[in-house]
Structure formats: structure tokens, C-alpha cells
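Read through the structure below, which is laid out as C-alpha cells, and then see the notes.
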2 protein chains.
Amino acid sequence: MSKGILSGMRVIEASAFVAAPLGGMTLAQMGADVIRIDPLGGGLDHRRWPVTADNTSLFWCGLNKSKRSVALDLASAEGRELAMALITAPGEDAGLFLTNFPPRGWLDHDKLRARREDLIQLTVQGDRHGGSAVDYTINSRVGIPYITGDERGAATNEAVNHVLPAWDLITGQMVAVGLLAAERHRLKTGQGQHVKLALEDVALAAVSHLGLIAEAQLGQQRERHGNELFGAFGRDFKTADGERVIVVGLTLKQWQALCDAMGLNEAVSALGERLGLDLNLEGDRFRARKELGAMVEGWMARHTYVEVAASLTKQGACWGRYQTLAELVTQDEACSVANPMFGLIDQPGAGKYLAAGLPLNFSGLERVPVGVAPTLGQHTAEVLSEILGITQAQYGGMVDRGLAAR
Amino acid sequence: MSKGILSGMRVIEASAFVAAPLGGMTLAQMGADVIRIDPLGGGLDHRRWPVTADNTSLFWCGLNKSKRSVALDLASAEGRELAMALITAPGEDAGLFLTNFPPRGWLDHDKLRARREDLIQLTVQGDRHGGSAVDYTINSRVGIPYITGDERGAATNEAVNHVLPAWDLITGQMVAVGLLAAERHRLKTGQGQHVKLALEDVALAAVSHLGLIAEAQLGQQRERHGNELFGAFGRDFKTADGERVIVVGLTLKQWQALCDAMGLNEAVSALGERLGLDLNLEGDRFRARKELGAMVEGWMARHTYVEVAASLTKQGACWGRYQTLAELVTQDEACSVANPMFGLIDQPGAGKYLAAGLPLNFSGLERVPVGVAPTLGQHTAEVLSEILGITQAQYGGMVDRGLAAR
């Protein structure tokens, strides 16, 4: 039995893009029954790139694994009525609704609560007023693009956008946090509620938590440091044979492992004396980063990747190889079925590929096998029957009226 | 009353750096009693940059807000015994332990479980075997640095490191997810467990969920697209007066708002016809991104920032201004006490500054006010008394033996 730690919990999801679907999928990968409701032709993200040659979205499939899919004509009153009935259906472990659509019309919390008083609704918003914002427009505001990328970019005031939608990914996990916390509270008090979570607030909170807001307010200005890790020693280097690695000396132990691996102990001591710095302190290593970088550069240039990897690994240093995505999927053991988080799935419409399950590993339960994403509307009849008691005949009528497919 | 949604829950934390402390702080900001245990002189992250002029870490303060701090001589058997007693103390809402230290020695799960059978321990790891890895070394492996930054970087195979420790931040939220899910399970079954969460797996799962692994395996190669958003239309532009903004047309609605705001409808229609593309489809907008970009560039170059902002806002377009951190903290209303997520705190050792509470807003409860970070060991006597019944006289003896401070 590997039903997952949230087995029994039921979540209804009306969502698109990254944050909300990822939040739902996180719960689904823990065994919750997550039912995503979409309009008949698919939601806003149904064809989001990357897509296969026949236009199946690998993005959509990636973010909706292990869910059930219900597709209804949500432009019709009858379709919306069915969706509301699913959202507010009874059951101690049900009554959880996740959305990133504006909480008005049929998604109005008060209207939904009138049908189920202890409903927990979580609404993901762009900004806290419900305004339009996505990961990339929020990222521009919080200062990160101006401190990312090559130091030479500072002169021309270059902004470097991130490729990873980091704010979406963090928000997705906070969605799961919010629903679990609210459900815990409901178990103890019987109280439901409307949880709101703005992408903008997630980003602002993160820059605050990392000390960047305090730093800016207290009068210091964070500069752009290219690939150098701020406040300690770490950056990328090229090996003699042109591979690229990153080494990090954040803790003293990591730093000593690096020095040992590269035989730099004496040179580093001498450098510390010359500069009047204590290179056992991370801050002083940052101050001496150019000089230290030059030493490491020299060592790297004299050794091949294989030699570098062997030395660093032997000393337990903290380092990584820069890999392209192609190298990651073909050469890195962690990105293969040797890692129990992964499964080889056969995704309808896309084919066989490696897909990740849940990074959390609960010792008391078996891992939930990695599931595929549903096809659009795959579970409509099944879900309507199970939760609302819609008979086959009734469903046939719905299909005839264009309310549901098939 | 604003005690928070997790009021009553108690979590013991032995941690350093970002992910584990952020996970604990997320629970603390929801009202859980999170008690961080550190060695007497402070943990590995106690002086992590950014720091103030007198070496108070704004980083540490940012990631440990609203917790209680216990400092003990953890090098001594007696200190470790006290820590173990705190971790395994009774209480239905207690018995939750969060760490990113190796689960051996006094942190060995079996040893701890021998004292409290239903203990929930969550261990954050670098890689899944417990090897050394940090956000930056994992980031190098998952392919992101090779698809970040200016397209010209592709020729010289430049890698662009992220500045935001995105993997740490995601992992921090997953810590909270894991603990809440495990505690829910314990409430229902009585079962405790050891939850493991590897930073490496978090990153691998994210690139899988976003479709990047599938894309790489199915034979496509994601290219570097500079500041252009993949698969739709979005990038940065300069206004006539040199400000920088990002505009995004991910959904059709967003795209139409952009075209309306810039008066580009006719030109876009003509372009679509000329290229044989349907620019109402996001993928086709990506295919035509250079031509569309040139049009938008022209419009932006003819308008000042104030004009651009007014037009885009009027049409409800999705856009953002690039701001430095200094601009963010001085000019953006969302980053001020006008945003109820923020509070102005007076952080001992650092001063007054704006700090963020929880992005999640639970309608059924008042917001928990933003708390300061404790000073190191501030709550040692109080916590030992409350949880272990250590008397003042006994505590005095501990101070005399160098086990605790003050």
C-alpha cells in the first residue's frame, strides 16, 4: 500500500499556470485526491510551452500529474453549478478549494460558503489587490535582475531576468502550506476560511527574509557580483579541459576542504597576512574573493575535470559541475530512476519520459509512485458520479447538451 | 487576539542557513512556538552576510524572526542531553523536530525516537545520500545557468548564476509542507516518522514539473533567450527617459491589453499575416518575438515612463517596472507598512527596519504581528524552565558549568 500521507483528503482546483497547479500537485503527490476543473477546451495553460510536435504541453503535463481532470462548459450556468457543487460537496476531508482565478462570480467565497460553511478556499493572486501580475513582472520590481549577471552589466545598468519562475515555485509550496494549516485549524475548531496569497507578497517576503530589504534600508547598496556568491567564497571556474565547475566555501569546513583539495593552505595563509584578513571568516573570504579566485583559477587551469572532481570529492568539498539540461538527463545519476523520486512514465499524448514525484520522503510510508497527468476531462463522468451521484443517463444528457465531453 | 493559525504547535529546530530556518520561521509566523537551538557562540549562519557595521547578521535576523532562541554547549554531553530532552518532550502538539544537520550522533532518529516514539523529525539534506551541497552547487547541475542571461553568452558558453537562492527558498516552504503533512498524519494515526528532504531533489523535481526534463529527453534543446520569456511574449524595454519595464502577454487577455495600450492592433495583424502566424496564440507570439519586440521597442522609445505606466495601467496590462532594491524600499507602496504583511520592527543589534510577516492571509484570523528575531540564547532559561522544569537554581549551576550563558 502506498496511498500517501494525505490519503483521504480531497481538493478541488480551478487554476492555471505554475503556482496554483503546483500547489495542488504537491498535495496530489502526497496522496490527496486533487480534482482540477477546466473549461471544455482546456484552461489558459493547456498549450503552454514547452510542447511536443503535436502540441501536447509538457508544461501542463508536468504540473498536473496525479490529479483527476474534470472538464465542463463553465460558460453555462449549469456547468458552473456543477463546479460549485463539487467545490462545496460534503465530507470531513473535503471542502478544500484552490484557485488562482478572481474570487468573484461563481468563485465568490461568500457564495460558496453559503453552500458549505466550513469551506477552505485558497486564492492565489498577482498582487494583494487582485491585480494582474506574473512571476516575471514581480521579479522586475524586487531588485533581483539588477544584481544578477556579469559585473560589467552594472555599467550599462543591464537587467537580467531569471529563467526559473522562482516566485511561482515558492508560491506553489506556500499554497500547500496554507491549505494544510487551514485544514489543521478546521480539524481543531470547525472553522473554514478564505486564504489569500499574493505572488507579490511572496517575493517581497523573501527579499525581506534574506536581509535584502533591511540592508537597503540601513543604507547599504547591494552590488552586482556576477557569479560570485555574496558574503563568502564561491564562484565558477574552468578546468584545463574546458569544463565548468562551481566551488563553495561557505562554512569553515567547506573552505578547508577546498584548500586541502587544491593544496592552497600555505598560499591562503600568506594572502591573509598580506591583506590583513582572517580568511577563516566567511566575510573576509568575500573581501579577498578576487585574490582567492585567481589562485583557484590557476589550480583549475592546471587540472582536467576528472582530476578536479577526484580531488574535490576526496576532500568532501562542496562543489558542482555546470551541466546543460541535456547533460543532466543523460549523465547525472540523480536525474534517473536510480533516484527513487523519479519514475519513468508514459504520458498520454507525449510519450515516455522521466518524471519527478515528491521530494519529501516520509519514512513511515511507501513512496507514492509517480503518476501521469490526466487527459483533459478524463475523469468528468467518474467524479460527477462519485461526488454528486450523477447517473450514466444523466451524464449522457449533459454530453448531449454540450456541458461535458464524450 | 492574533495568535496565529498554528497556535499551540511546538517545533524544535537545530539548523543553519536558509532552507531549514525559513521552514521553521514560516511555522513561527503562523503562530507555532518554534525554538531554535544553537551552540553557545552561535551556529554556522550567525554572522552570515549581509551584516551591519557591528557585525549583526541581517540574514540571520531575517530568517529567525518570531522564534525563541536557546543556546547551549552542544559539545558537552550534558548540553546535548538537554537538547534531546527538548526535542522529545511530551505534548500532543509537540514532538516536531526540524534540522539540516546530519541525523547521526545525538540527532540520530532512532535514538531520539527511543525517547518519544511518535517523534516527527524532518531532516533537510544536500543530496539524498546526505552529501554536501548548497543551493548554488545544485543550481549548476540542473541546467539553469546555461539558459540564463544574454543570448550572446551562448557563443562563449557563459554560465549565469542566480543571486536569489531559489532552491533554498522552495525547500524552506517544503519543510513546512512536510511537517504539516506528517503532523496531520500523526493526529489521525498516532504515527511519527523521519521525513527527509534533499535540496537536490527539490531542484530536480522543479525542472521536471516545469517540463524541462521531458523536453530535454524528447530531443528538444532549450536555448538561451536572454530576457525573453519562453513560449509567449514578454521582455524588458527601455522608455524614452531611460526607465526599464517588462511587459508580458502570456494570456490572450494580457496580450490584447498590451496591444490596446500601445495602439499596436493593426501592425500586429499585418505582421501575423506577413509571417503566417496566428498571434493570438502564445506560441506564435514567441515565434514572432523579434518582430513584436521591435514594435514595442519603438513605442517605448517614444514614450516616457509616466506615459508608459499610465497607458499600460489603464488597459490592465501585465507589466512591471525594474527597480533596484533601493528604489523598492523607497518608492514601492507594496514594500511599506501600507502593505499589512509588513511591520516596522526594532531589531536588537540592528535597528529599525521594515520586515515581512507571512504572505498567507487567513481571513478567519487576525494577522500575527511581525516579530523580531531573538538574540542568541535569549530564551534559554525560560524554555528550559517551561518545558523541562529546570529551576532558577539549577539554571544558575548550568551557567556556572559553562553549559548555558548568563
Task: Selection from region A:153-168 of residues that are buried (at least 24 other Cβ atoms within 10 Å of the Cβ) and part of a helix (DSSP H, G or I) - done: A:Ala166, A:Trp167, A:Asp168
Task: First in region B:200-215 and within 7 Å of chain A (Cβ to nearest Cβ) and on the phi > 0 side of the Ramachandran plot, second anywhere and in a helix (DSSP H, G or I) and among the aromatic types (Phe, Trp, Tyr), Cβ under 7 Å, 6 or more apart - done: B:Gly211/A:Phe59
- [ ] Taking the residues in region B:294-309 that are touching a residue at least 40 places away in the same chain (Cβ under 8 Å) and in contact with a helix residue (DSSP H, G or I) (Cβ under 9 Å, 6 or more places away or on another chain) as candidates, determine which candidate is nearest to A:Ala133 (Cα to Cα).
- [x] B:Val308
Task: Filter result for A:Phe101 (in contact with a strand residue (DSSP E or B) (Cβ under 9 Å, 6 or more places away or on another chain), at pLDDT 95 or above and surrounded by fewer than 20 Cβ atoms within 10 Å (Cβ to Cβ)) - done: yes
- [ ] Looking for whichever is among the aliphatic types (A, V, I, L, M), within 30 Å of B:Ile5 (Cα to Cα) and either surrounded by 19 or more Cβ atoms within 10 Å (Cβ to Cβ) or over 30 Å from the mean Cα position of the chain (by Cα) (or both) here; the options are B:Ala182, B:Ala214. Which one fits?
- [x] B:Ala182
Open item on the list: I need every pair where a residue in region A:265-278 that is touching a residue at least 12 places away in the same chain (Cβ under 8 Å) and of a type in the set (A, V, I, L, M) has its Cβ under 6 Å from the Cβ of a residue that is surrounded by 10 or more Cβ atoms within 10 Å (Cβ to Cβ) and in a helix (DSSP H, G or I), sequence separation at least 6 or different chains.
Closed with: A:Ala267/A:Met295; A:Val268/A:Cys259; A:Leu271/A:Glu291
TODO: Give region A:332-363 a look and list any residue that's over 23 Å from A:Arg36 (Cα atoms), touching a residue at least 12 places away in the same chain (Cβ under 8 Å) and part of a loop (DSSP other than H, G, I, E, B), or say none.
DONE: A:Cys335, A:Ser336, A:Val337, A:Pro340, A:Met341
Open item on the list: What's the number of the only condition in (1) more than 30 Å from A:Gly4 (Cα to Cα); (2) among the aromatic types (Phe, Trp, Tyr); (3) part of a loop (DSSP other than H, G, I, E, B) that A:Trp106 fails to meet?
Closed with: (3)
- [ ] Filter region B:310-331 down to residues that are in contact (Cβ under 8 Å) with a residue 12 or more places away in the chain and of a type in the set (D, E, K, R) and give me whichever is nearest to A:Val177 (Cα to Cα).
- [x] B:Arg321
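A quick yes/no check of all residues on (1) more than 17 Å from the chain's Cα centre (by Cα); (2) in contact (Cβ under 8 Å) with a residue 24 or more places away in the chain:
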residue	(1), (2)
A:Ala14	yes, yes
A:Gly42	yes, yes
A:Arg47	yes, no
A:Trp60	no, yes
A:Ser69	yes, yes
Open item on the list: Which numbered condition in (1) touching a helix residue (DSSP H, G or I) at 6+ places or on another chain (Cβ under 7 Å); (2) in a loop (DSSP other than H, G, I, E, B) is the only one that B:Thr171 fails?
Closed with: (2)
Open item on the list: Residue under question is A:Ala83, and the condition is that it be more than 11 Å from every other protein chain (Cβ to nearest Cβ), touching a Phe, Trp or Tyr at 6+ places or on another chain (Cβ under 9 Å) and of a type in the set (Gly, Ala, Ser); does it hold?
Closed with: yes
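Does B:Asp73 meet the test of being surrounded by fewer than 24 Cβ atoms within 10 Å (Cβ to Cβ), more than 13 Å from chain A (Cβ to nearest Cβ) and within 21 Å of the chain's Cα centre (by Cα)?
no
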Open item on the list: Residue under question is B:Asp150, and the condition is that it be in contact (Cβ under 8 Å) with a residue 12 or more places away in the chain and either more than 27 Å from A:Ala205 (Cα to Cα) or surrounded by fewer than 22 Cβ atoms within 10 Å (Cβ to Cβ) (or both); does it hold?
Closed with: yes
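A quick yes/no check of all residues on (1) under 25 Å from A:Gly249 (Cβ atoms); (2) assigned to a helix (DSSP H, G or I); (3) more than 14 Å from chain A (Cβ to nearest Cβ); (4) not hydroxyl-bearing (Ser, Thr, Tyr):
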position	(1), (2), (3), (4)
B:Pro21	yes, yes, no, yes
B:Ile35	no, no, yes, yes
B:Gly42	yes, no, no, yes
B:His46	yes, no, no, yes
B:Gly62	yes, yes, no, yes
Open item on the list: Of the residues B:Ala405, B:Ala309, only one is touching a strand residue (DSSP E or B) at 6+ places or on another chain (Cβ under 8 Å), closer than 30 Å to B:Leu82 by Cβ and not assigned by TED's automatic domain parsing to the domain that holds B:Trp60; which?
Closed with: B:Ala405
Open item on the list: Every residue in region B:136-147 that is under 20 Å from B:Glu228 (Cα atoms) and without any contact (Cβ under 8 Å) to a residue 24 or more places away in the chain, please.
Closed with: B:Pro145
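Here is a yes/no grid of residues against (1) part of a strand (DSSP E or B); (2) within 10 Å of chain A (Cβ to nearest Cβ); (3) charged (D, E, K, R); (4) in contact with a Ser or Thr (Cβ under 6 Å, 6 or more places away or on another chain):
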site	(1), (2), (3), (4)
B:Gln121	yes, yes, no, no
B:Val124	yes, no, no, no
B:Arg128	no, yes, yes, no
B:Ser132	no, yes, no, no
B:Tyr136	no, yes, no, no
B:Pro145	no, yes, no, no
B:Gly149	no, yes, no, no
Open item on the list: Give me the residue from region B:1-39 that is touching a strand residue (DSSP E or B) at 6+ places or on another chain (Cβ under 9 Å) and of a type in the set (Lys, Arg) and, out of that set, nearest to A:Ala182 (Cα to Cα).
Closed with: B:Arg10
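Quick one: which helices (runs of 4 or more DSSP H) lie wholly within region B:260-325 and hold at least 3 residues that are within 32 Å of the chain's Cα centre (by Cα), on the phi < 0 side of the Ramachandran plot and within 14 Å of chain A (Cβ to nearest Cβ)? Don't jump to the end; show me each part of the working.
Details: elements: B:265-275, B:282-287, B:289-301, B:305-314.
Those helices (runs of 4 or more DSSP H) span B:282-287, B:305-314.
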Task: Residues of region B:350-388 classified as surrounded by fewer than 16 Cβ atoms within 10 Å (Cβ to Cβ), small (Gly, Ala, Ser) and more than 24 Å from B:Leu6 (Cα to Cα), total - done: 1
Task: Out of B:Gly226, B:Gly219, sole residue that is more than 18 Å from B:Asn139 (Cβ to Cβ), without any contact (Cβ under 8 Å) to a residue 12 or more places away in the chain, among the small types (Gly, Ala, Ser) and more than 7 Å from every other protein chain (Cβ to nearest Cβ) - done: B:Gly219
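The values are calculated or read from the model by the stated rules, or taken from the named source; none is laboratory data. Keep in mind that what you see is a predicted model, and the values were worked out from it rather than measured. With ideal geometry, Cβ positions are generated from the backbone for all residues, glycine too; neighbour counts draw on all protein chains shown.
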